[in-house]
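**Student:** There's a structure below that I have some questions on.
The values are calculated or read from the model by the stated rules, or taken from the named source; none is laboratory data. Being a predicted model, the structure only gives us computed values, none of them experimental. Here the Cβ positions follow ideal geometry from the backbone for every residue, glycine too, while neighbour counts run over all protein chains shown. Heads up: the accessible areas ignore ligands, DNA and RNA and are worked out on the full protein's heavy atoms, side chains in. Shrake-Rupley method; radii C 1.70, N 1.55, O 1.52, S 1.80 Å.
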Amino acid sequence: MSHLGSKFSYCIGSITDPHYEHNQFIIGDGTKIEGYSTPLEVFNNLYYMTLQGISVGEKLLEINSETFKRVPSGDGGVVIDIGTTDIYLERGGYNYLIEEVQSLASGLLEKVSNVFDDNRLCYKGKVSQDLIGLPIVTFRFDGGANLVLDAKAMFEQNAEAKFCMAVIPAGHQDLTVIGIRAQQYYNVAYDLTDKKHYFQWMDCEVLD
């Protein structure tokens, strides 16, 4: 990337819509930089950010501020990745998030237990119908940049009448990875010179 330019951006629409024509990836001078920024650190060829907290609706989850920090050994931390589909969340944060989602869904949705879903939290129903009104989940980053996730970014329709939460406990080295599902309908930009990372929710069509 350093041979092609210090800036690049991409905007991805629905990952389930093969006919969406406005996805784009731009390198160099034409990079589309929009929205609020957060500091960016490149370590071992990964793009790290500082995640300060997670909120569900107006409620800020009581996650320890050290949970998402990368330690001197290199373990932990938060990266963003387009080669990963879902969110792999450090278990300390995952437990708080899953508990809050289950609390909100209690009495409204019927839980499904299935070992073939990697022990994910699953419910009967359809994302487009049964999650209307579910509070948005916001990943809050240093510097004021927020990644706001609606139901389609948080859940995957696994079958005709079953959907599962697209958030999985982090495994290897406690690394939190934010995959492409959470980046749908966002313009995501990187400035490697100024070490900044930008998010802006939008329909990618407006960038054409």
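**Student:** Quick one: count up the residues across the range 39-67 that are open to solvent by 20 Å² or more (accessible area, probe 1.4 Å) and outside any strand (DSSP E or B).
**Tutor:** 11
Per-residue answers, yes or no, for (1) on the phi > 0 side of the Ramachandran plot; (2) of a type in the set (Phe, Trp, Tyr); (3) touching a strand residue (DSSP E or B) at 6+ places or on another chain (Cβ under 8 Å):
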residue	(1), (2), (3)
MET165	no, no, yes
ASP174	yes, no, yes
ILE178	no, no, yes
GLN183	no, no, yes
TYR186	no, yes, yes
LYS196	no, no, yes
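**Student:** A follow-up question, please. Tally up the residues in the range 71-94 that are outside any loop (DSSP other than H, G, I, E, B) and open to solvent by 70 Å² or more (accessible area, probe 1.4 Å), please.
**Tutor:** Adding up the residues that qualify gives 2.
**Student:** Pairs only if they're at least six apart or on different chains, beta carbon under 7 angstrom, first in the range 29-56 and touching a residue at least 40 places away in the same chain (Cβ under 8 Å), second among the basic types (Lys, Arg) and not in a strand (DSSP E or B); list them, first residue then second.
**Tutor:** From residues that are touching a residue at least 40 places away in the same chain (Cβ under 8 Å), the pairs are PRO39/LYS195; LEU40/LYS195; GLU41/LYS195.
**Student:** Determine, yes or no, whether ALA161 is among the small types (Gly, Ala, Ser) and surrounded by 17 or more Cβ atoms within 10 Å (Cβ to Cβ).
**Tutor:** Spelling it out, it is not the case that ALA161 is among the small types (Gly, Ala, Ser) and surrounded by 17 or more Cβ atoms within 10 Å (Cβ to Cβ).
**Student:** Also, quick follow-up: Residue check: is TYR36 surrounded by 13 or more Cβ atoms within 10 Å (Cβ to Cβ) and modelled with pLDDT under 95?
**Tutor:** Judged against the criteria, TYR36 is a match.
To keep it simple, each residue is scored yes or no on (1) in contact with a helix residue (DSSP H, G or I) (Cβ under 8 Å, 6 or more places away or on another chain); (2) under 19 Å from ALA182 (Cα atoms).
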position: GLY74; (1), (2): yes, no
position: VAL79; (1), (2): no, yes
position: THR84; (1), (2): yes, yes
position: ILE87; (1), (2): yes, yes
position: GLY107; (1), (2): no, no
position: LEU121; (1), (2): yes, yes
position: LYS126; (1), (2): no, yes
position: PRO135; (1), (2): yes, yes
position: LEU149; (1), (2): yes, yes
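**Student:** Just to be sure, is VAL148 within 25 Å of GLU99 (Cβ to Cβ), open to solvent by 50 Å² or more (accessible area, probe 1.4 Å), of a type outside the set (Lys, Arg) and modelled with pLDDT of 95 or more?
**Tutor:** Yes, satisfied.
**Student:** Go through (1) surrounded by 13 or more Cβ atoms within 10 Å (Cβ to Cβ); (2) in a loop (DSSP other than H, G, I, E, B) and name the single condition CYS11 misses.
**Tutor:** Failing condition for CYS11: (2).
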